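Sharing a structure with you now.
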Amino acid sequence: MSNPQSTPPGSVPHGIARYGPLRPGDAARCAELEAQLFDGDDPWPERAFLAELAAKHNRYEAARVDGEVVVGYAGIARLGRIRPYEYEIHTIGVDPAHQGRGIGRQLLANLFEFACGGPIFLEVRTDNAAAIALYESEGFTRVGMRKRYYRVSGADAYTMKRERR
């Protein structure tokens with residue numbers, strides 16, 4: 001399969017996502033998507049995305065369609081100062097109108113490249129069956145539970161880990 005990231009702009013068919021770095025100018029759109037996707041769970045505002053993008057050891061990816069419209073985003077942070085590093089996925093989201101097309105899976109794959117095979121952690125709501133299924137299909141296992149992790153709703157989260165590869 002070819003890497004959609006290397007596809008030149010303008011040659012991307014209508015509605016097909018291409019992938020690349022999330023930019024500060026995308027922060028407002030990501031905040032809009034967060035409000036749709038995580039309503040009731042303290043969705044990230046624009047300033048949170050800007051802070052994440054400015055952090056030295058973070059990597060944020062975007063999925064875009066029709067040229068520049070952000071329909072998905074994902075971010076990961078490198079933890080620690082000395083190798084071997086561990087990584088933590090901070091967020092991932094796909095516009096509901098574009099879910100089920102493999103965009104979340106490709107965003108994860110791009111984050112995996114940044115992690116260079118290192119162990120990766122994340123938290124996911126215990127009732128988010130679709131996300132849990134995706135993560136498990138990509139090698140994550142449940143390693144714990146964080147009670148009331150989502151402060152506003154009080155929902156619990158699984159801590160999941162993908163071992164070093």
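The values are calculated or read from the model by the stated rules, or taken from the named source; none is laboratory data. Just so we're clear, the structure is a prediction, and the values are computed from it rather than from any experiment. With ideal geometry, Cβ positions are generated from the backbone for all residues, glycine too; neighbour counts draw on all protein chains shown. Each accessible area value is taken on the protein alone, full model and side chains, heavy atoms only, with ligands, DNA and RNA left out. Shrake-Rupley method; radii C 1.70, N 1.55, O 1.52, S 1.80 Å.
Would you be able to say whether some residue in the range 131-140 is charged (D, E, K, R), touching a residue at least 12 places away in the same chain (Cβ under 8 Å), in a helix (DSSP H, G or I) and closer than 24 Å to ILE16 by Cβ?
No: zero hits.
Check every one of the strands (runs of 3 or more DSSP E) wholly within the range 30-109 and list those with 2 or more residues that are open to solvent by less than 10 Å² (accessible area, probe 1.4 Å).
58-65, 69-79
Also, I was wondering about something else. Looking at the range 19-29, which of its residues are outside any loop (DSSP other than H, G, I, E, B), over 16 Å from ILE103 (Cα atoms) and in contact (Cβ under 8 Å) with a residue 12 or more places away in the chain?
Across the range 19-29, the qualifying residues are PRO24, ASP26, ALA27, ALA28, ARG29.
Further question on the same structure: So which residues in the range 127-157 are open to solvent by less than 50 Å² (accessible area, probe 1.4 Å), more than 15 Å from the chain's Cα centre (by Cα) and more than 20 Å from TRP44 (Cβ to Cβ)?
Here is the first cut: in the range 127-157, the ones open to solvent by less than 50 Å² (accessible area, probe 1.4 Å) are 131-132, 134-135, 138-140, 144, 150, 154-157.
Right, trim to more than 15 Å from the chain's Cα centre (by Cα) and you get 139, 144, 150, 154-157.
Residues satisfying the conditions are GLY139, GLY144.
Which of the residues that make up the range 113-124 are open to solvent by 30 Å² or more (accessible area, probe 1.4 Å) and either among the hydrophobic types (A, V, I, L, M, F, W, C) or in a loop (DSSP other than H, G, I, E, B) (or both)?
Listed by number, the residues that qualify are PHE114, CYS116, PHE121.
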